[in-house]
Amino acid sequence: MLTKKEKKLLIEKALEARKNSYSPYSNFAVGAALLTEDGEIFLGANVENASLGLTICAERSAIFSAVSYGKRKFKAIAIAGSQESPTPPCGACRQVMTEFGEFAVILVGQNEILETSVSELLPLQFDLKGE
Ligand code: THU
């Protein structure tokens, strides 16, 4: 279970990470903060490129960073977008999240915070691991 304290901290960290967004093409800054089962927090921001398809989203950036440091078990991710309402993660990020099982997803808008989960965001995900 995610505590209120952890949730608050993750939201603050996602907003902090959002400041590092490199998004000169869309002007849509996104930040993410990912809490591992063992209590570490990894940050991510969206990083755009002149070759637009090379852009990476904030949540994938945070997940790839954590995995690169040997972490694969996650408790929650907070994602802070640029809208008043919470920004729902794109389909690619949902698929990447499902690779690492179930965890809480906190969507942070300027006026609203929505708590959901990986399985709620992407039921029936593509999976090669089998049953
Ligand atoms: N973006 C994210 O970082 N996460 C999402 O889930 C949706 C989209 C970024 C990608 C791009 O830099 C900008 O938002 C506009 O699409």
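Applying the criterion of being open to solvent by less than 80 Å² (accessible area, probe 1.4 Å) and among the polar types (S, T, N, Q) to the residues of the range 1-54, the residue that is farthest from the ligand (Cβ to nearest atom) is T3. When the range 83-119 is limited to residues that are touching a residue at least 60 places away in the same chain (Cβ under 8 Å) and over 19 Å from E37 (Cβ atoms), the one that is nearest to the chain's Cα centre (by Cα) turns out to be V108. For C90, the test of being within 16 Å of the ligand (Cβ to nearest atom), surrounded by fewer than 14 Cβ atoms within 10 Å (Cβ to Cβ) and either closer than 22 Å to S23 by Cβ or at pLDDT 95 or above (or both) is passed.
The set of residues in the range 55-75 that are away from the ligand (no atom under 13 Å from the Cβ) and outside any helix (DSSP H, G or I) comprises Y69, G70, K71, R72, K73, F74, K75.
Looking across the range 64-111, the residues that are among the small types (G, A, S) and touching a helix residue (DSSP H, G or I) at 6+ places or on another chain (Cβ under 9 Å) come down to A76, A78, A80, G81, S82, A92, G101, A104. Got at least one residue in the range 62-70 being within 10 Å of the chain's Cα centre (by Cα), at pLDDT 95 or above and not aromatic (F, W, Y)? Yes, there is a match, as at least one residue in the range 62-70 is within 10 Å of the chain's Cα centre (by Cα), at pLDDT 95 or above and not aromatic (F, W, Y). Among the residues of the range 80-117, the ones that are out of contact with any strand residue (DSSP E or B) (no Cβ under 6 Å at 6 or more places or on another chain) and outside any loop (DSSP other than H, G, I, E, B) come to 9 in all.
The values are calculated or read from the model by the stated rules, or taken from the named source; none is laboratory data. In this text the structure is predicted, and so the values were computed from the model without any measurement. Cβ: placed from backbone, ideal geometry, glycine included. Neighbour counts: every protein chain shown. Each accessible area value is taken on the protein alone, full model and side chains, heavy atoms only, with ligands, DNA and RNA left out. Shrake-Rupley method; radii C 1.70, N 1.55, O 1.52, S 1.80 Å.
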